[in-house]
Amino acid sequence: MKKKRENCSDEQLMLRFREGDMGAFQELYKRYEKRLYHFFRYCLGNDETADDLFQECFLRLIGARHRYAAQNGSFSSWVFTIAHNLVRDTMRYRSRRGQVEVPTANFREINAVSGENDSPFQRLRLKERAAILQRAMDRLPTEQREVILLSRFSGLSFAEISEVLGCSPQAAKQRAYRAMQNLRKILWELTGRTDDAL
Amino acid sequence: MMHCKAAQRELLSLLRGELSEGRRRRLTAHLSTCRPCGIVQREFQAIWETGGALEFPTPPPEIRKSIQDAATAAVREARWKKRHFLRVPALALLLGLAATLLSAGIFSLRADLSMIPPLNLTIVGALWTTLYTFVFFLWLGEPSDQGPLPRQFSQISLAALGLFGVLSLLYPLDQSVHFCRYSSLTQPVFERLSIGGAFFVLGMVYAFIPMTLATYLSCGQTQRPLWKGALAGGLFVLLLLPGLYLKCAPFTFGILLGWSAGSLVGSVAGGSFGLWLRYQLQARTGG
């Protein structure tokens, strides 16, 4: 008897989708929709480009479903490798055309998830902190921003991040550490001390 | 004892909960005694927690819909392939055999097959069955929403061949040749072209008419009509070649060559012309 879709791993869902199970795709989409969308929005800032790449990422996933092999690594690292390649190609295209676009998320759209019992003051403070962090993230070079996004929002382990970035797990860890240090410095510049600001 | 540099490098792993129990204990012990590392740890933690509280809007519904549509089409294709894995080749072969028998029957009404050696007949029959099977496979082998071109080409070539079969029963071929040879109007032209050249012209006309009709009737508006029409015409003439052999083999090699070359030119031109005509008319009427 088949396992319930909710209890299946991503890899099992992908294999089931490959065999023609639409419900498996919907479950995968549900699991990755926000993570991938956040990744593109943070990486590229520009709404339309992020929307296009998000769509393209899923279309590539659908198109390449027959080439997916579960034994070659986790589904997460596979799908984020597609996302990483799309971002890399877009950045290359922009730099070739001399477009130095600072990826800036629309601050009005930044929402901070606060607790139900938080006071309005606490909610406002969390929103301010989120906005400051967003500004700091925007100043990071793309590759550093990307590694922070992968380690914070994508739910990937360092081993999986290393597969996405094409380096060793140690190098991925080192890159993430440097990115965090850089982020701290930027926060200092923006606000003074980070622990005061955040 | 842990060094500060090594400790700070482990901070992200600590935040992510990826450290083993032993390493976690050593790191927390170091952080409780080392003030600079403790500060870095607090700052990292603040960044990490604020990052976790951020929330972006979900993708626009139209993007979600187009992704779901693409997945649905892919699933339909996968199911279709699974269901028709063996059925399509078998059905294409059966239809190919039936079409060969039917075509041979039609051609035998207008040509004397007893003059062709049995081995040649067998080879032509096998070749015709293979070609028909291939064309039927193109037709049946793809779902309607995936890759419409091979399907369309196969439909056009089969429709053109059907028309050719019907028209070949109606065309007054013998009378045409007789008229061309002995009429005072056409005799000089016919003599100048010689018998091969005359059959080239006749073959061209015979292939052009069904191919033009088939492409005009089978296709909607299409981009690059000349190129696509030529491809469809090429497929049609491939299907036609065994029939031309059956019809012309008892005559001279020049007639066979002239008829075949004329059919090729007529098919390609007819295919392109039919599609082009359709394209122009639809572009004018805005259909």
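The values are calculated or read from the model by the stated rules, or taken from the named source; none is laboratory data. Predicted model, so just to flag it, every value in this text is computed and none were measured. For neighbour counting, all protein chains shown are included, and Cβ atoms are generated from backbone atoms with ideal geometry for every residue, glycine included.
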Please go through segment A:10-52 and give me each residue that is closer than 21 Å to residue B:73 by Cα and within 12 Å of the chain's Cα centre (by Cα), ordered by number. A:32, A:33
With the first residue restricted to segment B:205-229 and required to be under 25 Å from residue B:259 (Cβ atoms), and the second required to be at pLDDT 85 or above and of a type in the set (Asp, Glu), Cβ contacts under 9 Å at 6 or more apart or on different chains are none
Looking at residue B:129, is it in the same structural domain as residue B:204 (by TED's automatic domain parsing), surrounded by fewer than 13 Cβ atoms within 10 Å (Cβ to Cβ) and at pLDDT 85 or above? no
For segment A:1-46, how many residues are assigned to a helix (DSSP H, G or I), without any contact (Cβ under 8 Å) to a residue 40 or more places away in the chain and among the charged types (D, E, K, R)? 8
Considering only residues of segment B:53-72 that are surrounded by 14 or more Cβ atoms within 10 Å (Cβ to Cβ) and more than 7 Å from every other protein chain (Cβ to nearest Cβ), which is farthest from residue A:61 (Cα to Cα)? B:64
Quick check on this structure: which one of B:29, B:7 is out of contact with any Ser or Thr (no Cβ under 7 Å at 6 or more places or on another chain), surrounded by 19 or more Cβ atoms within 10 Å (Cβ to Cβ) and more than 7 Å from every other protein chain (Cβ to nearest Cβ)? B:7
How about segment A:171-184: which of its residues are of a type in the set (Gly, Ala, Ser) and either closer than 18 Å to residue A:35 by Cβ or more than 10 Å from chain B (Cβ to nearest Cβ) (or both)? A:171, A:172, A:176
Hey, can you tell me all the residues within segment A:155-187 that are aromatic (Phe, Trp, Tyr) and either closer than 11 Å to residue B:9 by Cα or touching a residue at least 40 places away in the same chain (Cβ under 8 Å) (or both)? A:177
Take residue A:130 and tell me if it is modelled with pLDDT under 85, outside the structural domain of residue A:176 (by TED's automatic domain parsing), in contact with a helix residue (DSSP H, G or I) (Cβ under 7 Å, 6 or more places away or on another chain) and closer than 22 Å to residue A:179 by Cα. yes
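Residue check: is residue A:168 within 8 Å of chain B (Cβ to nearest Cβ) and modelled with pLDDT of 80 or more?
The answer is no for residue A:168.
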